[in-house]
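Heads up: the structure comes next, in structure tokens.
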Amino acid sequence: MTGYEDLLALAMEVAKEAGVLLMERPTTFDVSSKSTAIDIATQMDHASEKLIVESLLKSRPEDGIIGEEGASRPSTSGITWVIDPVDGTVNYLYGVPGWSISIAAKDSDGTVVGVVHAPSISRTWSAARGAGAQMNGRAIGCNEPVALNRALIGTGFEYDVAERYEQGRIVAALLPQIRDLRRIGSAAVDICHVASGGFDGYFEIGLKEWDAAAGALIATEAGALVTRSPDGLTICAGPTLHPELARALAI
């Protein structure tokens, strides 16, 4: 028992409610751009965030909110929810599996619970601080030990096209050193794949808080190391692989 059971149960319930909403995929989309022309949101991102926020605040009206699509309010309870209502919107728009709903709760010391629900692939990852991590209700752990030359690595790419030239250079240098590279399309799911052994490691530049809050706790509770450098590079991997991957990416 960690004292976070009620928060985790609420996050799980609300994430699954949002999943039901999103699985009723519309036939047409209202697409809007955000930071760049290819950084998009749809009416379903907004509908999912509205459902999540209303459901959380109905149960816990004094909590704070940080949402990718603009929901924001300060906390008077000491708990703030960090929400990505559709992580992997491009996947969702194109009908490609792997998008997710990411919900985390944090206090003054960091994230206390996290849920990443990916209904299109029938997987739900969850964790509470100090209580380990689970996928679909079963305990999980990261792959350990793994050498860099045997590692399956996940990654993602910036929406700023100018940054992609540098990312391409990094990938070109890394690829000959590893087993292979994967790009799922949802940072939250990528990180959770490390937690449950689907990937050996993961890296990405430019993640926002809502992209990684839930997944990072889940991966940490599964035994992985999750770091973020001053220039915004997030690395997630088991204890043996993490320093090797960090050195390979310092190019």
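The values are calculated or read from the model by the stated rules, or taken from the named source; none is laboratory data. Treat the numbers as computed from the prediction; the structure is a model and nothing was measured. Note that each Cβ is placed from the backbone with ideal geometry, even for glycine, and that neighbours are counted across all protein chains shown.
Computed quantities for the displayed model
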{"item": "Residue in the range 50-67 that is in the same structural domain as residue 18 (by TED's automatic domain parsing), within 22 Å of residue 158 (Cβ to Cβ), surrounded by fewer than 24 Cβ atoms within 10 Å (Cβ to Cβ) and in contact with a Phe, Trp or Tyr (Cβ under 6 Å, 6 or more places away or on another chain) present", "result": "no"}
{"item": "Residues of the range 82-112 that turn out to be touching a helix residue (DSSP H, G or I) at 6+ places or on another chain (Cβ under 6 Å) and assigned to a strand (DSSP E or B), as a count", "result": "13"}
{"item": "Residue in the range 212-233 that is closer than 19 Å to residue 90 by Cβ, of a type in the set (D, E, K, R) and not assigned by TED's automatic domain parsing to the domain that holds residue 71 present", "result": "no"}
{"item": "Neighbours by Cβ (under 6 Å, 6+ apart or cross-chain): first from the range 11-25, in the same structural domain as residue 85 (by TED's automatic domain parsing); second surrounded by fewer than 15 Cβ atoms within 10 Å (Cβ to Cβ) and basic (Lys, Arg)", "result": "none"}
{"item": "Number of positions in the range 133-190 that are touching a residue at least 60 places away in the same chain (Cβ under 8 Å) and either part of a strand (DSSP E or B) or on the phi > 0 side of the Ramachandran plot (or both)", "result": "4"}
{"item": "Any hit, the range 60-81, residues being among the aromatic types (Phe, Trp, Tyr) and either outside any strand (DSSP E or B) or on the phi > 0 side of the Ramachandran plot (or both)", "result": "no"}
